[in-house]
């Protein structure tokens, strides 16, 4: 069992998250924290908000 855990720890240290993994983790974190405070928040609400934020940041001017 310990060798399995050691293997997973070593793998995690080397793993480079993809943009899709990062996005999924951000959305999961946002949902978990907001739903904890307000149980009327749904995963769909988070998806809509994140999509809107993505559109806004894509159209925002890039600052040097």
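The values are calculated or read from the model by the stated rules, or taken from the named source; none is laboratory data. Since we're looking at a predicted model, the values are computed, not measured. Please note: Cβ atoms are built from the backbone with ideal geometry, for glycine as well, and neighbour counts cover all protein chains shown.
It is to be established whether one or more residues within region 28-41 are outside any helix (DSSP H, G or I) and either surrounded by 13 or more Cβ atoms within 10 Å (Cβ to Cβ) or touching a strand residue (DSSP E or B) at 6+ places or on another chain (Cβ under 7 Å) (or both). So far as region 28-41 goes, yes, one or more of its residues are outside any helix (DSSP H, G or I) and either surrounded by 13 or more Cβ atoms within 10 Å (Cβ to Cβ) or touching a strand residue (DSSP E or B) at 6+ places or on another chain (Cβ under 7 Å) (or both).
Looking at residue 57, is it in a helix (DSSP H, G or I) and at pLDDT 95 or above? Answer is no for this residue.
With the structure loaded, tell me whether residue 16 is modelled with pLDDT under 95, in a helix (DSSP H, G or I) and out of contact with any helix residue (DSSP H, G or I) (no Cβ under 9 Å at 6 or more places or on another chain) or whether it fails that test. First the steps, then the outcome.
Details: modelled with pLDDT under 95: yes; in a helix (DSSP H, G or I): no; out of contact with any helix residue (DSSP H, G or I) (no Cβ under 9 Å at 6 or more places or on another chain): yes.
So residue 16 does not fit the description; no.
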